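Notes for the one structure printed next.
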There are 2 protein chains.
Amino acid sequence: MKYELYYWPWSPGRGEFVRLALEEAGADYDDVARGPKGPDAINKLLASKSLATPPFAPPILKAGKLLVAQTANILLYLGAHHSSLAPKTEAGRLWTHQLQLTVTDFMKEVQDTHHPYSGDLKFEDQMAASKITATDFLENRAPKFLGYFERVLEQNPSGPKYLVGAKLTYVDLSLFNIVEGMRFAFPKAMKRFEGKLKRVVALHDAVAARPRVAAYMASPRRIPEKSGTFRYYPSLDE
Amino acid sequence: MKYELYYWPWSPGRGEFVRLALEEAGADYDDVARGPKGPDAINKLLASKSLATPPFAPPILKAGKLLVAQTANILLYLGAHHSSLAPKTEAGRLWTHQLQLTVTDFMKEVQDTHHPYSGDLKFEDQMAASKITATDFLENRAPKFLGYFERVLEQNPSGPKYLVGAKLTYVDLSLFNIVEGMRFAFPKAMKRFEGKLKRVVALHDAVAARPRVAAYMASPRRIPEKSGTFRYYPSLDE
């Protein structure tokens, strides 16, 4: 089966968590909005008055007749169908998903650093507020989230190589993506953070070295980081 | 098995989504932080250096040896173990969960109306920003989210009574809780919204009339709405 991924083509954004899972699983997929149909294919899905399960927002994955949205939900689905992405036990699946939902929470706080008032308003109209939010994010929130993932690695009874058990899961790919995004958006702050994130950085490097991930990151399928959820505004980086 | 729920005792908050599911399922549970152990029981779990699956934040559900956190993840677990809370098919379970994750997104935006800069700062120190965020929330975001749930009911092939299929699921209980919270926090705005939310309001009323939900809401187990995720500041209600 060939999956269809629907996500805005202008930045990696939330779609990247899904792309990394599809790539690592070696799954066949079409990144629809980057092809001839363009972003209108997404708008059509969002505006449909006839779908039984209308999605609220992308990313959206079409898997045969199934339409699955919400990043973490898509990964939950992929984890159940690709044994290389998630454990088989209920406890393992729930723990992996729990960590992924904390990734979701983190991404919303990243988004809020440059759009504290609303995603509907332009960055230029909320710059002063962004400085306040980003300062708190770098002082309190980012260290709390990143330190949490470091602690999960440290407390993993199977060792600190992966977040869940002794094998890679989709949430390791997501943590890799967070490190990539933080280095892009907050290079100075992230450099300082990394001193206390040895296990997170080692996991990032191990994921980066995986043949399928490395091939993907070097391919044109990878969209370079730009104005998406992770954004580089030098004034927001301490 | 008697579940243990861990959530801050001072407001319904995110814990309420879990309580409603436990109550509707007729499950036996201990609301630990409201008992003799108090909120310290939560702090102990959060600070543990020995847990194999350390939670990031409450709500946390202890189910035998299993420790499950993240509201939507707890509901995913409960839905799999109580047939009155979720469909059995994979497609049904994913769709219910997808809607629940949109509830999660909505709750974060509710929180941001009174804490736009950071949850770490006091409301008093971010009042002017709150007015801007709340105005956008009431003009754009809340109508978008609530209108989405109305459309999901409208497009449900099994009819508009429930969000998923022809039977109640946990996400119906969550939507009931959102209506309760919005009426508390934004009474004027919500009154106006409800004119366009006939199906959502009918679902709220049907949930409120369910014997277990009605008994719960009238019991001391229900914490009255106060300064939690939903907060009533007259200045933020248009």
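The values are calculated or read from the model by the stated rules, or taken from the named source; none is laboratory data. Everything quoted here is computed from the prediction, not taken from an experiment. Heads up, the Cβs are rebuilt from the backbone with ideal geometry, glycines too, and the neighbour counts pull from every protein chain shown.
Here are A:85, A:78, A:99, A:66: which of them is facing another protein chain (nearest Cβ under 7 Å), over 21 Å from residue B:141 (Cα atoms) and either without any contact (Cβ under 8 Å) to a residue 60 or more places away in the chain or not β-branched (Val, Ile, Thr) (or both)?
Details: A:85 fails: facing another protein chain (nearest Cβ under 7 Å); A:78 fails: facing another protein chain (nearest Cβ under 7 Å); A:99 fails: facing another protein chain (nearest Cβ under 7 Å).
None of the others qualify; the one that does is A:66.
If you check B:200, B:213, B:207 for being assigned to a helix (DSSP H, G or I) and touching a residue at least 60 places away in the same chain (Cβ under 8 Å), only one passes: B:213. Please go through region A:149-159 and give me each residue that is more than 8 Å from chain B (Cβ to nearest Cβ) and more than 21 Å from the chain's Cα centre (by Cα), ordered by number. Once the filter is applied, which keeps residues that are more than 8 Å from chain B (Cβ to nearest Cβ) and more than 21 Å from the chain's Cα centre (by Cα), region A:149-159 yields A:154, A:158, A:159.
The condition of being touching a Phe, Trp or Tyr at 6+ places or on another chain (Cβ under 8 Å), facing another protein chain (nearest Cβ under 10 Å) and at pLDDT 95 or above does not hold for residue A:126. For residue B:196, state whether it is among the charged types (D, E, K, R) and under 24 Å from residue A:47 (Cα atoms). Spelling it out, residue B:196 is indeed among the charged types (D, E, K, R) and under 24 Å from residue A:47 (Cα atoms).
Here is a yes/no grid of residues against (1) in contact with a helix residue (DSSP H, G or I) (Cβ under 9 Å, 6 or more places away or on another chain); (2) outside the structural domain of residue A:23 (by TED's automatic domain parsing); (3) in a loop (DSSP other than H, G, I, E, B):
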position	(1), (2), (3)
A:132	yes, yes, no
A:137	yes, yes, no
A:141	yes, yes, no
A:144	no, yes, no
A:167	no, yes, yes
A:175	yes, yes, no
A:179	yes, yes, no
A:182	yes, yes, no
A:189	yes, yes, no
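Of all residues in region A:149-164, those satisfying the criterion of being under 18 Å from residue A:101 (Cα atoms) and either crowded, with 22+ Cβ neighbours inside 10 Å or touching a helix residue (DSSP H, G or I) at 6+ places or on another chain (Cβ under 7 Å) (or both) are A:149, A:150, A:152, A:153, A:162, A:163, A:164. Within region B:29-62, being in contact with a Phe, Trp or Tyr (Cβ under 9 Å, 6 or more places away or on another chain) and among the aliphatic types (A, V, I, L, M) holds for B:32, B:33, B:41, B:42, B:45, B:46, B:52, B:60, B:61. Applying the selection to region A:38-63, what residues are part of a loop (DSSP other than H, G, I, E, B) and either surrounded by 14 or more Cβ atoms within 10 Å (Cβ to Cβ) or touching a residue at least 40 places away in the same chain (Cβ under 8 Å) (or both)? Residues satisfying the conditions are A:39, A:48, A:51, A:52, A:53, A:54, A:55, A:56, A:57, A:58, A:59.
If you go through region B:102-117 and keep only what is facing chain A (nearest Cβ under 9 Å) and over 16 Å from the mean Cα position of the chain (by Cα), you end up with B:116, B:117. Only residues that are modelled with pLDDT under 95, more than 17 Å from residue A:120 (Cβ to Cβ) and polar (S, T, N, Q) were counted across region B:97-115, and they come to 1.
Considering only region B:139-148, state which residues are more than 10 Å from every other protein chain (Cβ to nearest Cβ) and surrounded by 21 or more Cβ atoms within 10 Å (Cβ to Cβ). Even if it seems obvious, please write down each step before you answer.
Of all residues in region B:139-148, those more than 10 Å from every other protein chain (Cβ to nearest Cβ) come to B:142-143, B:146-147.
B:142, B:146, listed by residue number.
Kindly indicate the residue of region A:64-103 that is of a type in the set (D, E, K, R), more than 19 Å from residue B:156 (Cβ to Cβ) and out of contact with any strand residue (DSSP E or B) (no Cβ under 9 Å at 6 or more places or on another chain) and also surrounded by the fewest Cβ atoms within 10 Å (Cβ to Cβ) among those meeting that condition. Among them, the one singled out is A:88.
Are any residues in region A:72-110 charged (D, E, K, R) and part of a loop (DSSP other than H, G, I, E, B), and if so, which ones? Can you show your working first?
Here is the first cut: in region A:72-110, the residues charged (D, E, K, R) are A:88, A:90, A:93, A:105, A:108-109.
Once the filter is applied, which keeps residues that are charged (D, E, K, R) and part of a loop (DSSP other than H, G, I, E, B), region A:72-110 yields only A:88.
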